[in-house]
1. Cβ-Cβ below 7 Å, separation at least six or inter-chain, first residue in region A:290-319 and outside the structural domain of A:GLN269 (by TED's automatic domain parsing) and touching a residue at least 12 places away in the same chain (Cβ under 8 Å), second more than 7 Å from RNA strand B (Cβ to nearest atom) and open to solvent by 30 Å² or more (accessible area, probe 1.4 Å): which pairs?
2. For A:VAL346, state whether it is buried (at least 23 other Cβ atoms within 10 Å of the Cβ) and more than 10 Å from RNA strand B (Cβ to nearest atom).
3. In region A:373-387, what count of residues is obtained for those that are part of a strand (DSSP E or B), surrounded by 15 or more Cβ atoms within 10 Å (Cβ to Cβ) and away from RNA strand B (no atom under 14 Å from the Cβ)?
4. If you go through region A:290-328, how many residues are more than 16 Å from A:GLU160 (Cα to Cα) and open to solvent by 30 Å² or more (accessible area, probe 1.4 Å)?
5. Take A:HIS502 and decide whether it is within 9 Å of RNA strand B (Cβ to nearest atom), over 30 Å from A:GLY448 (Cα atoms) and either in contact with a helix residue (DSSP H, G or I) (Cβ under 9 Å, 6 or more places away or on another chain) or without any contact (Cβ under 8 Å) to a residue 24 or more places away in the chain (or both).
6. What are the residues in region A:272-303 that are at pLDDT 90 or above, among the small types (Gly, Ala, Ser) and more than 9 Å from RNA strand B (Cβ to nearest atom), if any?
7. Taking region A:355-372, which residues are out of contact with any His (no Cβ under 7 Å at 6 or more places or on another chain), touching a residue at least 12 places away in the same chain (Cβ under 8 Å), surrounded by fewer than 16 Cβ atoms within 10 Å (Cβ to Cβ) and assigned to a strand (DSSP E or B)?
Amino acid sequence: MNSYLVSILQDALGKISDLPKSEFPEIQIEKPRDPSHGDAATNIAMLLARPLKMPPRKIAESLIAKLKTDPEKVSSVEIAGPGFINFRFADNWLYQQLKAVLDAGENYGKGDAQQGKKVLVEFVSANPTGPLTVGHGRNAVLGDTVARLLEWSGAEIEREYYFNNAGRQMRVLGMSVHARYLQLLGKEAELPEGGYEGEYITDIARTLQDEHGDSLSEKPAEDDIFKKAAEQAIFAEIRKTLERMNISMDSFFNENELYESGAIEDVVQKLRDADLAYDAEGATWFKTTTFGKEKDTVLIKSTGEPTYRLPDIAYHANKIERGYDLCLDIFGADHIATYPDVINGVKSLGLDASKIDVVVYQFVTIVKDGKPFKMSTRKANFVTLDELMDEVGSDVTRFFFLMRSPDSHLEFDIAEAKEAGEKNPVFYLQYAHARICSILRKAAEEYGELEDDTNLSLLNHDAEIRLIKNVFDFPGAVSQSAVHREPHRLITALNEIAASFHKFYHDCSILGEERDLAMARTSLLKAVAQTLANGLGILGIDAPERM
RNA sequence: GCGCCCGUAGCUCAACCGGAUAGAGCAACUGCCUUCUAAGCAGUAGGUUUCAGGUUCGAGUCCUGACGGGCGUACCA
């Protein structure tokens, strides 16, 4: 519809002015906030006021005089306010589109903006040092949902989890298990400096005890067996947690591969060749001052250990070399500072860094017992995602993380999510879907199955028209959410559909109505239920048939 | 100090690329179940969009500067 309006406006535009085509401002069609302003509006007359040196309303008048609208599509065109041109859609067009929604079914809302693109979404990527916490939840849910949105835009998606099982963190983790293991055997042992205090460490030690008795007691704390046991147990838990949240990874990428393949050394060498890396003070540096940073950045510490930036660069280079059209990273605001280094690193290797894009989300503030709660994996001060899902389920968990803009700090009130039961906004959507399903079941009993020749033009109640129009907003909401990587936009649109449905439910009945009308309304509700189900599906949330 | 994000109703947050009278939920108050699920609907109240300038037909949105909050700014990840 929008492209139709743009094309007839362009025609009319050509007739009223002799401006060269390149000077025309882009014709924007938007949906007015206030429904009394019609179904679509354009501000083109206002944009032309300056170049044409005419008052906007005058321009709008002459534009409309030349506008050839198809009465089957547009029922009225009006000038309003400072110079908006408002269009109202013809009812017949609405009915045709509604039919199209029903025909599209579970594909309704799919677009082709990313058709044929191969996209890698990397998210979660928590190192296996402990269970996933509520803090990781936003990353996990956001990443998965953005992936789903891109799938709905036609992209071919791969979900990847990047992790590092070497390094200091993991060493301390293994030593922590070792200490707990000795304690279980009744021996004196202390957690290492900065050790992991969580209960799960003892559980892992107990498993080792069950399998090996005391035969490991002479092993040094750094022995791989402790670390490996921890990694395996923790990863198993992480996978389970993700699965519970409806998240399924396609691949797990171990940072270690980058060392084994020589990719790390390769990066350093190439940077040296490009005169962007040098040795000083026992360390190897990346000349980030070349790119406008205040200081150069250490790539390899004087201990010989790389900083995380080096494998990050190698990893992103690896992703691009694997041939994706887009590599999307999901990370928290605390990692934003490293992003330019990675981009500059990748560029310096002669790769196309424009294929990398990033979704940054702001921190989650956990509110527990009415107070902000500081979490630390190491100190075992955390609420795990599993605990949260035990309380509220995965639907509520996902919804909470998605309902706010990624740019916005998210306050996650545990108590509120727990008691959320009836008040929880996710139920508003699910309830609408369940309510429709219930009606459809009863309508099928009373009137039999839908027939193809349903007379949709019987739908002319205000509540019906509003509902139809809201359903039409869905594909746009999906594509906008995908483009901006902001799932909350989709939630807003779904909320409006649900609200319009609940209003319809109140105003219009089906059972007891004359058959033709009942059938028409049943068709409408099928379209609404389908739309809600599609939308909830993108959010990874169940669309229940009964509640 | 510098960089990024944020500041909107009592609270948590929306507002599509700069559009028309800034919207929801929660909390408060008033109505609506003999009738397809009241996990709902309708209504009342609640705002100088932190402040001061600027840009223009038009600013919550863009620019500058204050103020307030978060996160960075490591040879930690």
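1. none
2. yes
3. Of the residues in that region, 1 qualify.
4. Qualifying residue count for the region: 17.
5. Here the answer is no, as A:HIS502 does not meet what is asked.
6. A:ALA274, A:ALA277
7. Pass one, region A:355-372, residues out of contact with any His (no Cβ under 7 Å at 6 or more places or on another chain): A:355, A:357-361, A:364, A:366-372.
Remaining after also requiring touching a residue at least 12 places away in the same chain (Cβ under 8 Å): A:355, A:357-361, A:364, A:366-370.
In the following step, the residues that additionally are surrounded by fewer than 16 Cβ atoms within 10 Å (Cβ to Cβ) were identified as A:357, A:368-370.
Of everything in region A:355-372, those that are out of contact with any His (no Cβ under 7 Å at 6 or more places or on another chain), touching a residue at least 12 places away in the same chain (Cβ under 8 Å), surrounded by fewer than 16 Cβ atoms within 10 Å (Cβ to Cβ) and assigned to a strand (DSSP E or B) turn out to be A:ASP357, A:LYS368.
Every residue, every condition in (1) within 7 Å of RNA strand B (Cβ to nearest atom); (2) buried (at least 18 other Cβ atoms within 10 Å of the Cβ); (3) not polar (S, T, N, Q), yes or no:
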position	(1), (2), (3)
A:LEU402	no, yes, yes
A:SER408	yes, no, no
A:ASP413	no, no, yes
A:VAL426	no, yes, yes
A:ALA432	no, yes, yes
A:ARG441	no, no, yes
A:GLY448	no, no, yes
A:GLU451	no, no, yes
A:THR454	no, yes, no
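The values are calculated or read from the model by the stated rules, or taken from the named source; none is laboratory data. A quick note: this is a predicted structure, and the numbers were derived from the prediction, not measured. Note that we place each Cβ from the backbone using ideal geometry, even for glycine, and neighbour counts take in every protein chain shown. These area figures cover heavy atoms from the full protein model, side chains too; ligands, DNA and RNA do not enter into them. Shrake-Rupley method; radii C 1.70, N 1.55, O 1.52, S 1.80 Å.
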